[in-house]
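> Pasting in a structure now, in structure tokens, and then I'll have a few things to ask.
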Amino acid sequence: MPLKRASFAEQLFLKNCIESNFSDIRIAKIYTGNNISSIDTTLYRMVINSSVLKSGEHINISKEFTDVDIAKLTQYKYTLQKCEKIRYWNLFKHNLFLFHNYMEENQSSLISKYSLFLLNSDFVKDTFIEGVQNRVKKSNTYVGNGVAVVHGYREDCIKPGIVIVIQDNAVVWNGQNMEILFLISLTKETPEYQLFFRDIIRLVSDVNKIELLKKCNCIENILDLL
């Protein structure tokens, strides 16, 4: 949030006003004075500006934070969410797959089964399965609330693909009960996929959304949650 010549009290006032009126907005960083010119607006989902910022996507508000500013933020947030949904749909409409698995599995068999799907669908090379198995042995891929996220090595991937597995019978994963697996083929890091990983972590922190995710039966439902 860029602020021109704002005192600490003014910074705190605006931050509290925004976060108290919008429970889903968290001010990650405040820029003031000379460091405003150093802002990389691509790092943030939303840039709220009461300064002289001229480049990048942002929304201007007043330091007084009036009802007009609340209305502007509400509309901007709605437009942003709509654009994100379109971007997600265009990105994942051909390479996001959802499975409900009712079979008893262990970590190794689950990885093998859905890595094989990616292999047979020409998303990955035959070395992908071994790479993923090695990755889960070396690092903790359990991210919390019954969710694991694991991706293969880039050299083993042909094109981006994401498999989401809703597991009926929990699988022991890094000592935890895992019910949702994100298995990812990623050829390179793009801004869109960085946002996707960010949104997975946000989703995992929301227990209510996790329960909704377990009930999803189509890709559109998942994109709505993200």
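The values are calculated or read from the model by the stated rules, or taken from the named source; none is laboratory data. These figures come from a predicted structure and were not determined experimentally. Cβ sites come from the backbone with ideal geometry, for glycine too, and all protein chains shown count toward neighbours.
> For the range 57-83, what are the residues that are outside any helix (DSSP H, G or I) and small (Gly, Ala, Ser)?
Ser62
> Still on this model: Taking Phe65 and the conditions (1) among the aromatic types (Phe, Trp, Tyr); (2) under 30 Å from Gln176 (Cα atoms); (3) surrounded by 17 or more Cβ atoms within 10 Å (Cβ to Cβ), which numbered condition does it fall short on, given that it satisfies the others?
(2)
> Can you name the residue in the range 137-167 that is in contact with a Phe, Trp or Tyr (Cβ under 6 Å, 6 or more places away or on another chain) and modelled with pLDDT under 90 and is also farthest from His94 (Cα to Cα) among such residues?
Restricting to residues being in contact with a Phe, Trp or Tyr (Cβ under 6 Å, 6 or more places away or on another chain) and modelled with pLDDT under 90, the top hit is Gly152.
> How many residues are over 26 Å from Tyr102 (Cβ atoms) and either surrounded by 15 or more Cβ atoms within 10 Å (Cβ to Cβ) or touching a residue at least 60 places away in the same chain (Cβ under 8 Å) (or both) when one looks only at the range 136-169? Steps first, please.
Step one: of the range 136-169, the residues over 26 Å from Tyr102 (Cβ atoms) are 137-140, 153-160.
Pick out the ones that are also either surrounded by 15 or more Cβ atoms within 10 Å (Cβ to Cβ) or touching a residue at least 60 places away in the same chain (Cβ under 8 Å) (or both) and you get 153, 156-160.
Going through the range 136-169 one residue at a time, the tally reaches 6.
> Tell me whether the range 89-98 contains one or more residues that are over 19 Å from Cys157 (Cβ atoms) and at pLDDT 85 or above.
Within the range 89-98 (the criterion being over 19 Å from Cys157 (Cβ atoms) and at pLDDT 85 or above), the answer is yes, since at least one residue qualifies.
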